[in-house]
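Each remark here refers to the structure printed beneath this line.
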Amino acid sequence: MRLLTTAVAALALTVGAQVATAAPIELKFSHVVAENTPKGQMANKFRDLVAERLAGKVEVKVFPSSQLFGDGKVLQAMLLGDVQMAAPSLSKFQKYTKKLQVFDLPFLFKDMAAVERFQNSSSGQKLLKSLEKKGLVGLGYLHNGMKQLSANDPLRVPADAKSKKFRIMTSDVLQAQFEAVDAVPLKKPFSEVFTLLQTKAIDGQENTWSNIYSKKFFEVQPYITESNHGVLDYLVVTSAEFWLTLDDDVRTELKKALDEAIAHGNKIAAEKADSDKAAIANSGRSEVLTLSDAERQQWVDAMKPVWKQFEDQVGADLIKAAEASNK
Ligand code: SIN
């Protein structure tokens, strides 16, 4: 009897030890921006919430500043299981769906409130599923903000951009946008932009206030035109293979934490659009140019025909729904 009790106790100990030492699921979150940006702060908040609520079950490891993957590779790596979460800019999905190109159309959204309304609309929510056939799951949108144009020379009207080289994200819409003003767009990774600008290999680029500030583009670009000509937002994605094989309770808890982290990131995005713009304007390194209504209208007239070019790929109805969010 004593022997049996000892054997049962030993078995219980072994099973207990196995349960206690079962490794948590590792969730690698890769992104390309600095930690002091809306996306960097969102990812860190998500990591911290998961550490609080799913301790021992899931561990989130965040890799900022293209340390793990640049945006050109991250989605492929996700499908191979080498990374579980990322939030590339909406401009970087065209290999996987043409629908998200709607977000790149120049002068489509008048401000971030319109972007938010569209993302929350049924058309916007449907777009979260546009990657499903490719094995990716859209978990939610995250804001960064409206894009501005920076350059070595002042850009006041489209003619000022003629023949100038601009770095763009990997988006055919953005390529067409710069070709519409006779500029030369070059698709380059985010991690290379500062050096390209510093060495004057390119003349300018487009980005949000927080990216221009956190990556110090303003230190090597003497002029920034407040054009608000487009939006740079993100889609938080994971692979279906990872997401759908999680236990239901873990998936529910992760999604809840992510939604809270996104709300946190969106708040920071709104604050940073103002504070980073002010920091740049006060830096003495870069002059912020404000366009007159007539100057801005010239950019609109030159770039808006791009909508027609992409109407077949994006869908006229989707463009209309996006436009309706301005009201
Ligand atoms: C990002 O904000 O994730 C990068 C944007 C860019 O590539 O310009």
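The values are calculated or read from the model by the stated rules, or taken from the named source; none is laboratory data. It should be emphasised that the depicted structure is a prediction, and the values quoted were computed from it without experimental measurement. Glycine gets a Cβ as well: all are built from the backbone with ideal geometry, and neighbour counts include every protein chain shown.
Here is how the numbers come out for the structure above:
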{"quantity": "From the options Asp249, Asp182, residue that is at pLDDT 95 or above, away from the ligand (no atom under 16 Å from the Cβ) and part of a helix (DSSP H, G or I)", "calculated": "Asp249"}
{"quantity": "Some residue of segment 209-221 being over 21 Å from Asn144 (Cβ atoms), touching a residue at least 40 places away in the same chain (Cβ under 8 Å), more than 15 Å from the ligand (Cβ to nearest atom) and more than 19 Å from the chain's Cα centre (by Cα)", "calculated": "no"}
{"quantity": "Selection within segment 26-35 - crowded, with 19+ Cβ neighbours inside 10 Å and near the ligand (Cβ under 10 Å from one of its atoms)", "calculated": "His31, Val32, Val33"}
{"quantity": "Hits in segment 84-115 - residues which are under 20 Å from Lys28 (Cβ atoms) and either hydroxyl-bearing (Ser, Thr, Tyr) or over 16 Å from the mean Cα position of the chain (by Cα) (or both)", "calculated": "Ser89, Tyr96"}
{"quantity": "Qualifying residue in segment 114-128 (condition: part of a helix (DSSP H, G or I), in contact (Cβ under 8 Å) with a residue 12 or more places away in the chain, within 17 Å of Lys187 (Cα to Cα) and not hydroxyl-bearing (Ser, Thr, Tyr))", "calculated": "no"}
{"quantity": "Qualifying positions in segment 94-130 - out of contact with any Ser or Thr (no Cβ under 6 Å at 6 or more places or on another chain) and aliphatic (A, V, I, L, M)", "calculated": "Leu100, Val102, Leu105, Leu108, Met112, Ala113, Val115, Leu127, Leu128"}
{"quantity": "Residue that is surrounded by the fewest Cβ atoms within 10 Å (Cβ to Cβ) [pool: residues in segment 36-54 that are aliphatic (A, V, I, L, M) and under 17 Å from Tyr141 (Cα atoms)]", "calculated": "Ala43"}
{"quantity": "Qualifying residues in segment 55-96 (those that are within 16 Å of the ligand (Cβ to nearest atom) and of a type in the set (Lys, Arg)) - the one surrounded by the most Cβ atoms within 10 Å (Cβ to Cβ)", "calculated": "Lys92"}
